[in-house]
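A short worksheet on the structure shown next.
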Amino acid sequence: MRTITRVSEYRDARKKLDGAVGFVPTMGYLHEGHLELVRWARRENNNVVVSIFVNPTQFGPGEDFEKYPRDPDRDLALLENEKVDIVLYPQPDEVYPAGFNTWVEVLGITERLEGKVRPGHFKGVATVVAKLFNIVNPDCAYFGQKDAQQVAVIQKMVSDLNMDLRVIVVPTVREPDGLAMSSRNTYLNKVERQAALVLWRSLNLARDLHAGGESKADSIKKQMEALIGQEPLAAIDYVSIADITSLEEVDCMNKACLVSLAVRIGRTRLIDNIILGDQ
Ligand code: AMP
C-alpha cells in the first residue's frame, strides 16, 4: 500500500495502474461502514484508491470541523489490512490553494433536508468530490446509503457534468443494536449512545406501519416524531418521507420513498434513513 500526499505524485502512480480503479472517498476515522465500501471496491476492481481528507468547505460555521475525530495511523493500518493499493492523503493547501474560487453546485435537491439545515454543505461536498474524481480518475466510486442525500447529489453531478465513472451505493452498516455506524458516534457518552437508538427505532416503526398498509406519509411522520419525542435527550431537526429521486416530500407512499431523519442527541447530530416501497 502506498500513501501519497501530493497530486503530482498520484498522477504519476495512476498512469502505471492497469485495469479498473475503484475509489472510496472518506474523511477518515474509519469504521466498518467505510471498510464495507473498501471491500466492495476491492471485489470489483483491480486497483483500490481510498482518500482521507476532512474537507473544511462542507462544514458550516459552528460545526465540528476542528474537533472532527482523526486517527491517521489507525486508518492506515485498517486500509493496509483491506489490501488497498493507494491511500491519497491530500494536503489542504493543495486542495484549496490561496485564491481557490471555483465551485460545483447542484441545485434543487440540495435545498431540502440536510441542505436546508446545513446551507453550503453540499456545495462543499460536490466541489471536493468533483476535485477528487478529477485527481483520482476512477472507473467506479463507492458511497454509503447512510448519507442518502449525498448519494443523490453525487449521482446528479456525475450525470449533469458527464463524468465518466459509475457511482456504486453500498447499504448502511449498523452496530448490532441497529445504530448506523458513523465517525460522529464517538461523541456520544454512554447515556446518549443508548438514546441514539431512537433513530433506528423510529425507522423501524415507519417500516412496520408501511408494511401494515399505512400509506399516508403524514401519519407515519407524526408517529415517528411522537416516538422520538419520548426520548428526553433527542431533538428533531427533521423527519422526512420523500421521493427517492427528487427528494420532494410525498403525501402518499405509493412508490419507493426515502424515509430519513436528522436528530440531535445532546450536542451530537445524527442522521439515518431507510428506503420503503419497491424501487
Ligand atoms: P465520511 O468519512 O463520513 O465522509 O464517509 C465516507 C463514506 O462512507 C461516505 O460515502 C459515507 O456514506 C460512507 N459511510 C459512512 N458511514 C457508513 C455506514 N454506516 N454504512 C455505509 N457507508 C457509510
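Each value in this text was obtained by applying a stated rule to the coordinates, not by laboratory testing. Computed from a prediction, not measured in an experiment: that's the story for all the values here. Quick reminder, even Gly has a Cβ in these numbers, built from the backbone with ideal geometry, and neighbours come from all protein chains shown.
Rounded to the nearest 0.05, what FRET efficiency do GLU44 and LEU197 give with R0 = 45 Å and r taken as the Cβ-Cβ distance? Could you check? It would help to have the intermediate numbers written out before the result.
Working: r = 33 Å, r/R0 = 0.73.
Between GLU44 and LEU197 the formula returns 0.85.
Over the C-alpha atoms of region 1-145, what are the Rg and the largest Cα-to-Cα span, Dmax, in Å?
15.3, 44
So if R0 is 41 Å, what FRET efficiency would ALA235 and ASN162 give, r being the distance between their Cβ atoms, rounded to the nearest 0.05?
Plugging the Cβ-Cβ distance into 1/(1 + (r/R0)^6) gives 0.50.
To the nearest 0.05, how large is the calculated FRET efficiency for ASP93 and SER246 if R₀ is 35 Å and r is the Cβ-Cβ distance?
Numbers: r = 38 Å, r/R0 = 1.09.
In this case the efficiency is close to 0.40.
What are the residues whose amide H is under 5 Å from the amide H of SER51, where those residues sit 5 or more places off or on another chain and H is modelled from the backbone?
Placed amide hydrogens put VAL24, THR26, LEU88 under 5 Å from SER51.
What ranking, highest mean first, results for peptides 238-249, 67-78 when packing means the other Cβ atoms within 10 Å averaged over each residue?
Values: 238-249: 17.8, 67-78: 13.9.
Going by the mean number of other Cβ atoms within 10 Å, highest first, we get 238-249, 67-78.
Figure the gain on full extension for ASN101 and ASP73 (residue separation times 0.36 nm, minus the Cα-Cα span) and round it to one decimal in nm.
Residue separation times 0.36 nm, minus the Cα-Cα distance, leaves 6.9 nm.
So what is the 222 nm mean residue ellipticity for the chain from helices alone, if each DSSP H run of at least 4 adds -39500 (n - 2.57) and you divide by all residues, rounding to the nearest 500 deg cm²/dmol? Walk me through the intermediate numbers first.
Numbers: 10 runs with 104 residues, N = 279.
Value at 222 nm, helices only: -11000 deg cm²/dmol.
Using a basic spin-label model with each label point 7 Å from the Cα along Cα→Cβ, how many nm lie between ASN134 and SER215?
Calculated label separation equals 4.7 nm.
Output the relative contact order of the chain, whole-number percent, from Cα pairs under 8 angstrom with separation of 6+ residues.
Numbers: 484 pairs, mean separation 47.8, N = 279.
With pairs under 8 Å counted, the relative contact order is 17 percent.
Treat the chain as a sphere of radius equal to its Kirkwood radius over Cα pairs and apply Stokes-Einstein at 37 °C in a medium of 0.692 mPa s; give the translational diffusion coefficient in µm²/s, rounded to a whole number. Provide the component values of the computation, followed by the final result.
Values: Rh = 19.7 Å.
Rounded, D is 166 µm²/s.
When you count, for each residue, the other Cβ atoms within 10 Å and take the mean per peptide, how do 95-105, 56-66, 130-140 rank with the highest first? Spell out each step's value before the answer.
Working: 95-105: 10.9, 56-66: 13.4, 130-140: 18.8.
Ranked from most to least packed, the peptides come out as 130-140, 56-66, 95-105.
Check cross-link reach from LYS190 to the lysines: straight Cα distance under 23 Å, and skip same-chain residues fewer than eight apart.
LYS190 reaches LYS67, LYS146.
Just want to confirm a number: the relative contact order over region 169-279, from Cα pairs under 8 angstrom separated by 6+ residues, in percent. Write down the numbers at each step before the final one.
Working: 171 pairs, mean separation 26.7, N = 111.
Relative CO of region 169-279 lands at 24 percent.
Once the piece of chain linking ASN189 and GLN155 is laid out straight, how much longer is it, given 0.36 nm per residue of separation minus the C-alpha distance between them? Could you put the intermediate results ahead of the total?
Details: separation 34, 0.36 × 34 = 12.24 nm, distance 3.52 nm.
The ASN189-GLN155 span can extend by a further 8.7 nm.
What full-extension length gain, to one decimal in nm, is calculated for PHE65 and GLU111 as 0.36 nm per residue of separation minus the Cα-Cα distance?
Length gained between PHE65 and GLU111: 14.4 nm.
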